[in-house]
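The structure appears below as structure tokens.
The values are calculated or read from the model by the stated rules, or taken from the named source; none is laboratory data. As the structure is a prediction and not an experimental result, all values here were calculated from the model. With ideal geometry, Cβ positions are generated from the backbone for all residues, glycine too; neighbour counts draw on all protein chains shown.
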Amino acid sequence: MKILFSNLLAIYRRELQSYFNSPLAYVIAAVFWLIGGLFMVTLLLSPDGVIAQSAALDQSGIQQNLDAPYEFLKFYLNLLGSLSMFILPMLSMGLYADERKQGTLELLATSPLTNWIVAVGKLLGVLTFYSAMLLPLLISQAVAFERSEPGFPGGLLLLGYGGLLLLAASVLSLGMFISSLSESTVLAAIMTFGLVLLLWIVEAIANAAGPFGTALSHLSLLSHYTDFTQGVFDTSGLILFLSYITLGIFLTAQSIDTLRFQRA
């Protein structure tokens with residue numbers, strides 16, 4: 001067990017270091033922060049933002065039914081989720097495709113390391129980098145909510161971002177599998193985006209699927225993520241995200257195992 005953990009930590013450090021040393025990763029992070037920051041400022045400070053709406057209700061003397069922090073968090077996390085659908089495929093596209101291009105995938109495939117350990121280590125590395133991208137936005141919201149009256153429950157903020165991390169881990173895990181199938185990072189990103197888009201809108205497809213629609217709707221990333229953004233912890237959503245994560249890791253391990261068999 002100690003050896004497995006040591007191997008996992010080595011893969012994790014290697015993958016995380018590759019992101020922090022990559023100019024492309026910094027460009028992706030900068031675009032994410034820019035757009036995410038613009039969303040935040042617009043939702044808070046624009047003439048139609050939640051602060052202006054709340055102030056208008058106060059001045060009108062009408063009893064205020066608007067929970068400004070909650071409405072902001074719900075809408076903002078939905079925007080971040082949609083933005084992440086574009087960002088995450090670009091983060092996952094090189095997880096294995098770059099290894100193929102550089103000729104190091106064969107070394108991984110024939111090394112004593114188990115395919116599961118390599119896949120989990122890579123996934124944890126890219127998920128940590130994505131978490132680092134979210135951290136400034138999370139801190140900014142926590143500071144804004146600290147000044148709200150009445151105070152906003154921090155648990156709702158953590159639950160919403162926890163749902164976003166589960167969503168990200170699911171997408172990155174599936175993207176990792178697609179990346180293991182090709183040495184083209186661009187192709188891997190496009191295929192991952194197409195798959196994620198399908199899982200994002202599958203609920204709309206389910207509505208027209210007749211008797212199979214109910215079962216199909218349970219596969220939707222959007223509906224289960226929305227539960228988290230609304231402050232609802234649903235175990236079915238947690239199970240779905242964990243299933244996608246496990247499926248992506250399993251398929252990646254099988255893909256590399258096939259390569260190992262071919263090389264043997």
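All of Gly125, Gly160, Gly154 fail the test of being on the phi < 0 side of the Ramachandran plot, in contact (Cβ under 8 Å) with a residue 12 or more places away in the chain, out of contact with any Lys or Arg (no Cβ under 9 Å at 6 or more places or on another chain) and not hydrophobic (A, V, I, L, M, F, W, C), apart from Gly154. Among the residues of segment 27-49, none is identified as modelled with pLDDT under 85, loosely packed, with under 11 Cβ neighbours inside 10 Å and in a helix (DSSP H, G or I). Gly175 - would you say it is among the small types (Gly, Ala, Ser) and within 13 Å of the chain's Cα centre (by Cα)? When the stated conditions are applied, Gly175 passes them. Can you say whether Ser82 is in contact with a helix residue (DSSP H, G or I) (Cβ under 9 Å, 6 or more places away or on another chain), modelled with pLDDT of 80 or more, hydroxyl-bearing (Ser, Thr, Tyr) and surrounded by fewer than 20 Cβ atoms within 10 Å (Cβ to Cβ), as far as the supplied structure shows? When the stated conditions are applied, Ser82 passes them.
Matching residues to (1) assigned to a helix (DSSP H, G or I); (2) buried (at least 21 other Cβ atoms within 10 Å of the Cβ); (3) β-branched (Val, Ile, Thr); (4) modelled with pLDDT of 90 or more:
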site: Ala25; (1), (2), (3), (4): yes, no, no, yes
site: Asp58; (1), (2), (3), (4): yes, no, no, no
site: Gln64; (1), (2), (3), (4): no, no, no, no
site: Phe72; (1), (2), (3), (4): yes, yes, no, no
site: Leu88; (1), (2), (3), (4): yes, yes, no, yes
site: Leu91; (1), (2), (3), (4): yes, yes, no, yes
site: Leu108; (1), (2), (3), (4): yes, no, no, no
site: Lys122; (1), (2), (3), (4): yes, yes, no, yes
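Rundown of residues vs (1) crowded, with 20+ Cβ neighbours inside 10 Å; (2) within 17 Å of the chain's Cα centre (by Cα), yes/no style:
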| position | (1), (2) |
| --- | --- |
| Gly162 | no, yes |
| Ser182 | no, no |
| Thr185 | yes, no |
| Leu199 | no, yes |
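Here Ala142 meets each of (1) aliphatic (A, V, I, L, M); (2) part of a helix (DSSP H, G or I); (3) within 30 Å of Ile3 (Cβ to Cβ); (4) at pLDDT below 90 with one exception, condition (3).
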